[in-house]
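First comes the structure, then the notes that go with it.
The values are calculated or read from the model by the stated rules, or taken from the named source; none is laboratory data. Keep in mind the model is a prediction, meaning the values are calculated, not measured. As a convention, Cβ positions derive from the backbone with ideal geometry for all residues, glycine included, and neighbour counts pool all protein chains shown. Heavy atoms of the whole protein, side chains included, go into the accessibility calculation; ligands, DNA and RNA do not. Shrake-Rupley method; radii C 1.70, N 1.55, O 1.52, S 1.80 Å.
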Amino acid sequence: RTKEFGNLYEVDLKVGHYSDYHAVPTCGLATKDSIIGDFDDPRYFADPQRVDAEIIWLSEGFLEYRIPNYLKPTQEFKEIQFSLELGSEAPGHAENWPSDIYFYINNIEIGSWTCPGDFGDKKGAFNPEWWPPHLNQYGMIKLIRINQDGSFIDGCRISDVKLQDIDLDFKSDIRLKIAVEEKSKNKRGLTVYGKHFGNYNQDILIRVLYQDI
(Lines give C-alpha, C1' and ligand atoms only; values in the text may rest on other atoms or scores of the structure.)
Protein backbone atom coordinates (compact mmCIF):
# COMPACT_ATOMS: atom_id res chain seq x y z
CA ARG A 1 0.00 0.00 0.00
CA THR A 2 1.47 3.33 -1.11
CA LYS A 3 0.27 6.84 -0.35
CA GLU A 4 1.49 10.06 -1.99
CA PHE A 5 1.41 13.52 -0.38
CA GLY A 6 3.16 16.33 -2.23
CA ASN A 7 6.90 15.63 -2.13
CA LEU A 8 6.55 12.54 0.03
CA TYR A 9 5.39 8.97 -0.34
CA GLU A 10 4.62 6.30 2.25
CA VAL A 11 4.82 2.53 1.89
CA ASP A 12 3.57 -0.13 4.32
CA LEU A 13 5.67 -3.30 4.20
CA LYS A 14 4.53 -6.43 5.97
CA VAL A 15 7.24 -7.86 8.21
CA GLY A 16 7.19 -11.02 6.08
CA HIS A 17 8.10 -9.12 2.90
CA TYR A 18 11.84 -9.51 3.42
CA SER A 19 13.98 -10.20 0.35
CA ASP A 20 16.88 -11.86 2.20
CA TYR A 21 17.47 -13.28 5.67
CA HIS A 22 19.75 -15.26 7.96
CA ALA A 23 18.14 -16.77 11.05
CA VAL A 24 19.76 -18.57 13.99
CA PRO A 25 17.50 -20.32 16.56
CA THR A 26 15.68 -19.49 18.70
CA CYS A 27 13.72 -18.28 15.69
CA GLY A 28 10.36 -18.47 13.98
CA LEU A 29 7.56 -16.62 12.30
CA ALA A 30 3.79 -16.56 12.44
CA THR A 31 0.82 -15.13 10.58
CA LYS A 32 -2.13 -13.73 12.52
CA ASP A 33 -3.69 -17.21 12.25
CA SER A 34 -0.87 -19.69 12.97
CA ILE A 35 2.82 -20.47 13.37
CA ILE A 36 4.58 -21.05 10.01
CA GLY A 37 6.21 -24.48 10.15
CA ASP A 38 8.02 -25.32 13.39
CA PHE A 39 9.68 -23.29 16.08
CA ASP A 40 13.48 -22.91 15.78
CA ASP A 41 13.74 -24.24 12.22
CA PRO A 42 15.26 -21.54 9.94
CA ARG A 43 14.16 -23.44 6.80
CA TYR A 44 10.65 -22.06 7.28
CA PHE A 45 11.93 -18.52 6.66
CA ALA A 46 11.84 -19.55 2.96
CA ASP A 47 8.24 -20.82 3.13
CA PRO A 48 5.96 -19.02 0.60
CA GLN A 49 3.56 -18.30 3.45
CA ARG A 50 6.17 -16.04 5.04
CA VAL A 51 4.89 -13.04 3.04
CA ASP A 52 1.88 -13.07 5.40
CA ALA A 53 4.02 -13.21 8.55
CA GLU A 54 3.03 -10.67 11.21
CA ILE A 55 5.75 -11.51 13.75
CA ILE A 56 9.32 -12.73 13.15
CA TRP A 57 11.99 -13.54 15.73
CA LEU A 58 15.61 -14.73 15.60
CA SER A 59 18.43 -14.86 18.13
CA GLU A 60 21.10 -13.86 15.59
CA GLY A 61 21.05 -12.94 11.91
CA PHE A 62 19.25 -10.37 9.79
CA LEU A 63 16.18 -9.46 7.79
CA GLU A 64 16.57 -7.35 4.65
CA TYR A 65 13.73 -5.49 2.95
CA ARG A 66 13.63 -3.90 -0.51
CA ILE A 67 12.08 -0.44 -0.41
CA PRO A 68 10.33 0.70 -3.59
CA ASN A 69 11.95 3.69 -5.29
CA TYR A 70 9.32 5.86 -6.99
CA LEU A 71 11.49 8.89 -7.76
CA LYS A 72 11.54 10.43 -11.23
CA PRO A 73 14.77 11.50 -13.00
CA THR A 74 13.99 15.11 -12.03
CA GLN A 75 13.84 14.38 -8.29
CA GLU A 76 16.32 13.60 -5.49
CA PHE A 77 16.07 12.10 -2.01
CA LYS A 78 15.84 14.43 0.98
CA GLU A 79 15.11 11.99 3.82
CA ILE A 80 14.15 8.35 4.35
CA GLN A 81 12.26 7.29 7.48
CA PHE A 82 11.49 3.80 8.83
CA SER A 83 9.04 3.23 11.65
CA LEU A 84 8.68 -0.25 13.16
CA GLU A 85 8.03 -2.13 16.41
CA LEU A 86 11.09 -4.02 17.66
CA GLY A 87 12.07 -6.23 20.59
CA SER A 88 14.92 -8.53 21.62
CA GLU A 89 14.53 -12.33 21.48
CA ALA A 90 14.79 -14.43 24.63
CA PRO A 91 13.62 -18.01 25.04
CA GLY A 92 10.08 -17.25 26.22
CA HIS A 93 10.43 -13.60 27.24
CA ALA A 94 12.69 -11.51 29.51
CA GLU A 95 12.17 -7.86 30.45
CA ASN A 96 15.90 -7.27 31.02
CA TRP A 97 17.44 -8.74 27.86
CA PRO A 98 19.41 -6.00 26.06
CA SER A 99 20.20 -6.56 22.40
CA ASP A 100 22.23 -4.37 20.01
CA ILE A 101 20.26 -4.07 16.78
CA TYR A 102 22.08 -2.66 13.74
CA PHE A 103 20.52 -0.85 10.78
CA TYR A 104 21.94 -0.75 7.24
CA ILE A 105 20.87 0.85 3.98
CA ASN A 106 22.42 -0.81 0.92
CA ASN A 107 24.89 -2.56 3.27
CA ILE A 108 26.14 0.77 4.70
CA GLU A 109 25.77 0.75 8.48
CA ILE A 110 23.80 3.80 9.61
CA GLY A 111 23.86 3.00 13.34
CA SER A 112 22.51 0.79 16.07
CA TRP A 113 20.10 0.81 18.99
CA THR A 114 20.17 -1.29 22.15
CA CYS A 115 16.72 -2.74 22.77
CA PRO A 116 16.30 -3.16 26.55
CA GLY A 117 14.27 -6.36 26.52
CA ASP A 118 11.94 -8.98 25.08
CA PHE A 119 8.69 -7.88 26.67
CA GLY A 120 6.03 -10.29 27.88
CA ASP A 121 4.72 -8.99 31.21
CA LYS A 122 1.30 -8.33 29.66
CA LYS A 123 -0.52 -9.33 26.48
CA GLY A 124 0.27 -7.28 23.38
CA ALA A 125 -2.67 -5.06 22.48
CA PHE A 126 -3.03 -6.50 18.95
CA ASN A 127 -1.91 -10.11 19.50
CA PRO A 128 -4.33 -12.78 18.25
CA GLU A 129 -6.20 -14.79 20.87
CA TRP A 130 -4.30 -18.00 20.15
CA TRP A 131 -0.80 -16.51 20.78
CA PRO A 132 0.59 -18.20 23.93
CA PRO A 133 1.06 -15.98 27.02
CA HIS A 134 4.55 -17.38 27.78
CA LEU A 135 5.97 -15.94 24.50
CA ASN A 136 7.05 -12.37 23.76
CA GLN A 137 4.09 -10.00 23.56
CA TYR A 138 5.15 -6.55 22.35
CA GLY A 139 8.11 -4.31 21.46
CA MET A 140 9.01 -0.64 21.26
CA ILE A 141 8.19 1.60 18.31
CA LYS A 142 11.30 3.14 16.75
CA LEU A 143 11.66 5.88 14.13
CA ILE A 144 14.92 5.74 12.14
CA ARG A 145 15.72 8.69 9.85
CA ILE A 146 18.55 9.36 7.46
CA ASN A 147 18.88 12.77 5.78
CA GLN A 148 21.49 15.32 4.69
CA ASP A 149 22.59 15.91 8.31
CA GLY A 150 23.12 12.31 9.50
CA SER A 151 21.26 9.29 10.85
CA PHE A 152 18.86 9.46 13.81
CA ILE A 153 16.66 7.22 15.95
CA ASP A 154 13.79 8.89 17.79
CA GLY A 155 15.52 12.22 17.16
CA CYS A 156 18.90 11.17 18.65
CA ARG A 157 21.91 11.00 16.34
CA ILE A 158 23.15 7.41 15.89
CA SER A 159 25.84 8.18 13.29
CA ASP A 160 27.21 10.82 10.93
CA VAL A 161 26.26 8.70 7.89
CA LYS A 162 24.30 11.00 5.57
CA LEU A 163 22.01 10.31 2.65
CA GLN A 164 24.79 11.54 0.33
CA ASP A 165 27.06 8.72 1.61
CA ILE A 166 24.63 6.11 0.27
CA ASP A 167 24.54 7.76 -3.15
CA LEU A 168 20.89 7.08 -4.00
CA ASP A 169 19.20 8.31 -7.14
CA PHE A 170 16.00 7.51 -9.05
CA LYS A 171 17.47 4.25 -10.40
CA SER A 172 18.79 2.93 -7.07
CA ASP A 173 17.81 -0.19 -5.22
CA ILE A 174 17.01 0.69 -1.60
CA ARG A 175 17.62 -2.16 0.85
CA LEU A 176 16.98 -1.84 4.57
CA LYS A 177 18.72 -4.46 6.72
CA ILE A 178 18.00 -5.03 10.42
CA ALA A 179 20.63 -7.24 12.07
CA VAL A 180 21.95 -8.78 15.27
CA GLU A 181 25.51 -9.78 14.55
CA GLU A 182 28.75 -11.28 15.85
CA LYS A 183 29.99 -7.76 16.63
CA SER A 184 26.96 -6.98 18.81
CA LYS A 185 28.24 -6.66 22.40
CA ASN A 186 24.72 -7.50 23.56
CA LYS A 187 23.75 -10.29 21.13
CA ARG A 188 20.28 -11.15 22.33
CA GLY A 189 18.21 -11.34 19.21
CA LEU A 190 15.54 -9.48 17.34
CA THR A 191 11.74 -9.59 17.12
CA VAL A 192 9.82 -7.56 14.53
CA TYR A 193 6.11 -7.00 15.13
CA GLY A 194 3.57 -6.35 12.36
CA LYS A 195 0.08 -4.91 12.45
CA HIS A 196 -1.60 -7.90 14.13
CA PHE A 197 0.97 -8.35 16.92
CA GLY A 198 2.43 -6.15 19.62
CA ASN A 199 1.16 -2.80 20.86
CA TYR A 200 1.12 -0.79 17.61
CA ASN A 201 -1.34 -1.30 14.79
CA GLN A 202 1.20 -0.91 11.98
CA ASP A 203 3.55 -2.85 9.74
CA ILE A 204 6.96 -1.45 8.74
CA LEU A 205 6.13 2.09 7.66
CA ILE A 206 8.53 3.73 5.19
CA ARG A 207 8.33 7.41 4.37
CA VAL A 208 10.43 8.94 1.57
CA LEU A 209 10.82 12.72 1.30
CA TYR A 210 12.19 14.10 -1.96
CA GLN A 211 12.65 17.35 -3.86
CA ASP A 212 12.79 18.53 -7.45
CA ILE A 213 16.19 19.23 -8.96
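Observations on the model:
- Accessible area per residue for the chain, computed on protein heavy atoms with a 1.4 Å probe, is 44 Å².
- Max mean-square fluctuation residue, GNM over the chain, Cα-Cα springs under 10 Å, options Pro68, Pro48, Pro98: Pro48
- Within the chain, helix-based [θ] at 222 nm, where runs of 4 or more DSSP H residues each add -39,500 (n - 2.57), nearest 500: -500 deg cm²/dmol
- Magnitude of the charge dipole, region 55-213, Cβ model with Lys/Arg +1 and Asp/Glu -1, debye to 20: 200 debye
- Inter-site label distance for Val24 and Lys122 at 7 Å from Cα along Cβ, in nm: 3.4 nm
- In region 62-152, trypsin sites (Lys or Arg not before Pro) in a DSSP loop with at most 16 other beta-carbon atoms within 10 Å: Lys122, Lys123
- Whole-number percent relative contact order across region 1-131, with pairs defined as alpha carbons under 8 Å at least 6 apart: 20 percent
- 3J(HN,Hα) along region 2-11, derived from phi through the Karplus expression 6.51 cos²θ - 1.76 cosθ + 1.60 where θ = phi - 60°, amounts to 10, 10, 10, 9, x, 8, 7, 9, 10, 10 Hz, with x in place of Gly and Pro.
- For region 1-132, the convex hull spanned by the alpha carbon atoms encloses 139 Å³ per residue.
- Computed over region 79-213, the P(r) tail beyond 24 angstrom holds 33 percent of alpha carbon pairs.
- Think of region 102-197 as a dipole: +1 on every Lys or Arg Cβ, -1 on every Asp or Glu Cβ, centred on the Cα centre; then among His134, Gly117, Ser159, His134 lies furthest on the positive end.
- Using a probe radius of 1.4 angstrom, the carbon and sulfur fraction of the accessible surface of region 1-60 is 50%.
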